[in-house]
Amino acid sequence: MESTRRTVAELVRERWGDHRPGLWFEGRALSHHEVAAGAAARAALLADLLPADAEPHLGVLLDNTPEYPLWLSAAALAGAAVAGINPTRRGPELARDILHTECRVLVTERAHLPLLDGLGLPGVRVLVTDTDAYGDLVAGYAGAGPDTSTAIPDDRLLLYFTSGSTGAPKAAICTQGRLAAAGRSLVGHFGLGPDDVHYICMPMFHGNAVIADWAPALTSGAAIALRRRFSASGFLDDVRMYGVTYFTYVGRAVQYLLSTEERPDDGDNPLRLGFGTEAGAVDAAAFEKRFGARLVEGYGSSEGGAAIQRTPGTPAGAIGKAAPGDDLAVVDPETRTECPPAVFAADGRLLNGDEAIGELVNRGPNPFEGYWRNPAADAARRREGWYWTGDLFYRDADGFLYFAGRTDDRLRVDSENLAAAMIENIVARYGDAAAVAVYAVPDPVAGDQVMAALALKRGGIFDPAAFGAFLAAQSDLGTKMAPRFVRIVERMPVTATNKIHRVGLRREGFRCPDPVWWRPPGKSSYRRLTGDDVAELMAEYRAHGRMELFAR
């Protein structure tokens, strides 16, 4: 198959002898050749460090420093796999990630060493990159070349952890063939070339940065510019310093960029394209107007089982259509039958969301390669021979697909199914809203109630009467969609990949440290939730035997 014809190791070898700038970091540059040579040295070192009877796995616990792509390239040459270790994990959870992926080598830096204190990692060799001992160790392999690699397309290259919202994070497998194919696909789709500069500001332990940013750069011979950690205030300076033309984003990153102080020369930059998820149509338009660069929203299951491509003619609000070769369907997960097409009102409001919204599945062959040592998770994804994405969508009569949230973001209010993402898109129009998250809290009697967390723009003040009037004016806000509770946060809580931390928001509910406004039953206006209100609500939950819902 074409998707497995090449390896990442071959792409690394092709950069040998290329003395153009290949990697920028904090004002310094390495040529493509220096990157390839550094990778070859680390590959030779890794071969000596890994026991013969061990899985060829190494953990990388680093910020976005040059050592990260160097070790990715080294693993490719060595036929090994990199487990991206999330530095926001702590204690037993962090140890579990390292030991579960059977890493016998862990590459880290001094800033992260305190995370390892007391963990007890038997059989794991720790390399600390910003030390003299490490520099001397790598220098001892400086004469290694890349031509000794015997990697094949089916070799594991990435073990990257997916969300742990419903248990311990799962380590998804990505082979060299799949990563090379993904890079080639994005290069062709976006017309990326060797003169581009890719900005990697999303964390490299996450699939987005490696699959959608690093891999296409390696494929086309483009340079990469690294940012240790995402910084909204430093974004434009980096773009100008390194001549960045392409970047990827996830979660709230675009909102953070738009919240920085606007300047008249913001559009004076070389950026032409951003690719990612969760920016939303309103923010994408604002970003292009301000910075002069187009944002393309895409969809791709982290595990590789489904992809949607945006093509010319894609309607506003839609993600696009199924990628070539994918047999995507929107299915009712209970009946396993395909949902009917969406019906829209003249103003674009979805009229039949309760029946049109279902889980996106891929019924055809797909490149999902499974999870490491997790057969139960594999089986859940591959039910009945289909790949189940865990994401909610609806499809219009022309086959265009619209994202409606995660399956665990579905709410059931008065027996009506609602998708959190649809409500978020409406509430995000509120003039003072900088970020919005919508999620379910238990209803005292049955089902759910809608709660929204709202981060305000700089200087914004929440006016409950104005907010209520705004909601009443939204023609596409269904009768069950208006939030019962509104939590005002100074800053939206996010995960390490800048995605909203919904699990934490749901867990705290309306019993949280931030101010909460609510509409008591039978009332149309919002008022401040008091301690007495909470006590009365909890008594009602207790009376209906629903207190156990707050232990989740």
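Read the figures in this text as sums done on the coordinates, not as results from a lab. Because the structure is predicted, anything quoted here is derived from the model rather than measured. Cβ: placed from backbone, ideal geometry, glycine included. Neighbour counts: every protein chain shown.
Worth a mention:
- Highest mean packing comes first when the peptides 138-149, 427-438, 174-185 are listed by Cβ atoms within 10 Å, giving 174-185, 427-438, 138-149.
- Look at the Cα gyration tensor of the stretch 433-552: its axes a ≥ b ≥ c give a/c of at least 1.5 with a/b at or below b/c, and that counts as oblate.
- Computed FRET value (nearest 0.05) for residue 152 with residue 18, which takes r as the C-beta separation and R₀ as 22 Å: 0.35
- Cα shape, the stretch 368-427, gyration tensor, a/c 1.5 rule: prolate
- Residues with amide H under 5 Å from that of residue 62, placed H, sequence gap 5 or more: 85
- Quotient of C-alpha Rg and 2.2 N^0.38 Å, computed over the chain: 1.00
- Sparse-neighbourhood loop sites, GluC sites (Glu not before Pro) in the stretch 322-423 - DSSP loop, at most 15 other Cβ within 10 angstrom: 334
- Cut-off 18 Å, label 7 Å out along Cα→Cβ of residue 111, residues of the stretch 39-82 by amide N: 60-71
- Annotation: amide H of residue 271 has no partner in the under-5 Å range at sequence separation 5 or more or interchain, hydrogens built in the peptide plane.
- For the stretch 232-333, GluC sites (Glu not before Pro) are listed when DSSP marks them as loop and at most 12 other Cβ atoms sit within 10 Å of their Cβ; the list is 261, 262.
- Table column - 3J(HN,Hα) (Hz), the stretch 126-136, Karplus curve with 6.51, -1.76, 1.60, x for Gly and Pro: 9, 10, 10, 5, 9, 10, 5, 4, 5, x, 5
- Annotation: amide H of residue 105 within the under-5 Å range of 59, 125, sequence separation 5 or more or interchain, hydrogens built in the peptide plane.
- Cα-based shape type of the stretch 5-121, given that a ≥ b ≥ c are square roots of the gyration tensor eigenvalues and the cut on a/c is 1.5: oblate
- Summing charges over all other residues whose Cβ lies under 14 Å from the Cβ of residue 319, with Lys and Arg as +1 and Asp and Glu as -1, gives -3.
- Under the Karplus curve 6.51 cos²θ - 1.76 cosθ + 1.60, θ = phi - 60°, whole-Hz ³J(HN,Hα) for the stretch 371-386, x wherever Gly or Pro sits: 10, 6, 6, 8, x, 5, 5, 4, 5, 5, 6, 10, 4, 6, x, 9
- A full extension of the chain between residue 273 and residue 126 corresponds to an added length of 49.1 nm, given 0.36 nm per residue minus the alpha carbon distance.
- Positive-end residue, the chain charge dipole about Cα centroid, Cβ charges, pick of 509, 172, 219: 509
- A straight Cα-to-Cα reach below 20 Å connects residue 480 with the lysines 523, residues fewer than 8 places away in its own chain not being considered.
- Residues residue 142 and residue 466, FRET efficiency given R0 of 45 Å [Cβ-Cβ distance, rounded to 0.05]: 0.10
- Axis of helix 32-49 versus longest Cα principal axis of the chain: the two differ by about 80°, to the nearest ten degrees.
- Among 395-403, 531-539, 265-273, the peptide with the highest mean count of other Cβ atoms within 10 Å heads the list, and the full ranking is 395-403, 265-273, 531-539.
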